[in-house]
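The structure under discussion appears below in the form of structure tokens.
The values are calculated or read from the model by the stated rules, or taken from the named source; none is laboratory data. Keep in mind that this is a model prediction, so the values were computed, not measured. Backbone-built Cβ (ideal geometry, glycine too); neighbour counts: all protein chains shown.
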């Protein structure tokens, strides 16, 4: 217990990974923590649902480090129990008609040589490809990373090699890690994601579904005297004379600190734009979002889809295939945890990216509907028998993610990890309103989406411990 936080009244808005994580960490220090969740269930983008004996996730998840990264660090600190399962080979990747098997040890020379051969890296480009992967995996100081924050990942790569097939692979990695393009992504952020994953060798999935993580944090919170109120949307963050006083959520709830897990743009709106200086508002308004997410969730009565995790790009040299299919990322959660489906059944989540910032509902429905059709085309082409084994399927678009997360648009991660919005250019967790803080993927963290939210929770906890 920390004297400075003991007894402090803290309201946390949202039960996503960042909100649930920081709430448990602050309760550990003796703070009086109340978490307000707009939905009747926990988790936000990390929520899971039950339907006809299947448990499926809001998003399309597979974690890069699990208990060996910030998710595990929070669990250890607050006494939460979450189990993960890692599978080998790690995943499969297909591009331009060629398929490669990816293993956890991507710092191993033999593994890389096999990868380059399978994916079709030209022989004359392989020395450069080897040098690139060696540089990606090596340890770097914070200063070295900072020097690459504002370098695009594509510009960084061409320092070593420019190979069409390898570029497709790197496009796939960038999409999985950060949900933006290789040209927009920060080189430093990609390097951090990749090197951490290579070091941990723990690409994995949480047993019980993604909801197992926030639920474990919230159970730890409640065991330490904290409280969670569901179906309680926050209508307003109350600010007086430049300081937070509490929130309106059906009633006025006083607080010494308010921590928002609902996104920086949404937080400014809840607190009132008039409470922030013009330069801060200009910065917030200019922030760019990651791509949105759409998915088709399949409940199958047999094991139809293999392998357990794959990334697929259509062969863009074939005009018909390029028009008909979508680039997809497909986890099979039941491969890691068979209890997520009835015996002998399979749960498959097929996801793809959608344009960012689709606030208009009709536009979102039209744009996402076309992408969802292409996802289904792709799955039928890859697995011709899939339609014969469907128990049910659910199509989710950016509006679905927006409604669950409480954000205006259905971006996958939050703020894009582009070269203008990472490191020192990432928004601070401390806002100009005294006592109002940000947590989650929008501020204070680094790394792959879900883990970035956990990293943000840890960093805010440390900041408040020493403030």
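Here are a few things to note about the model shown:
- Applying the condition of being touching a residue at least 12 places away in the same chain (Cβ under 8 Å) and assigned to a helix (DSSP H, G or I) to region 322-334 and asking which residue is surrounded by the most Cβ atoms within 10 Å (Cβ to Cβ) yields 333.
- Condition met for residue 263 (in contact (Cβ under 8 Å) with a residue 40 or more places away in the chain and in the same structural domain as residue 457 (by TED's automatic domain parsing)): yes
- When residue 367 is tested against (1) buried (at least 24 other Cβ atoms within 10 Å of the Cβ); (2) over 30 Å from residue 5 (Cα atoms), just one condition goes unmet, and that condition is (1).
- Residue 68 vs. criteria farther than 30 Å from residue 397 by Cβ and touching a residue at least 40 places away in the same chain (Cβ under 8 Å): yes
- Scanning region 341-393 for residues that are under 26 Å from the mean Cα position of the chain (by Cα), within 24 Å of residue 315 (Cβ to Cβ) and not in a helix (DSSP H, G or I) turns up 348, 349, 350, 351, 352, 353, 354, 355.
- The residues of region 153-177 that are under 21 Å from residue 64 (Cβ atoms) and either within 20 Å of the chain's Cα centre (by Cα) or in a loop (DSSP other than H, G, I, E, B) (or both), listed by number, are 153, 169, 170, 171, 172, 173, 174, 175, 176, 177.
- Filtered residue count, region 445-460, keeping only those that are modelled with pLDDT of 95 or more and surrounded by fewer than 24 Cβ atoms within 10 Å (Cβ to Cβ): 2
- Residue among 227, 164 that alone is assigned by TED's automatic domain parsing to the domain that holds residue 122, surrounded by fewer than 19 Cβ atoms within 10 Å (Cβ to Cβ) and on the phi < 0 side of the Ramachandran plot: 164
Each row is one residue, and each column tells you yes or no for (1) assigned to a helix (DSSP H, G or I); (2) more than 22 Å from the chain's Cα centre (by Cα); (3) modelled with pLDDT under 95.
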| position | (1), (2), (3) |
| --- | --- |
| 198 | yes, no, yes |
| 225 | no, yes, no |
| 238 | no, yes, no |
| 247 | no, yes, no |
| 259 | no, no, no |
| 274 | yes, yes, no |
| 280 | yes, yes, no |
| 302 | no, yes, no |
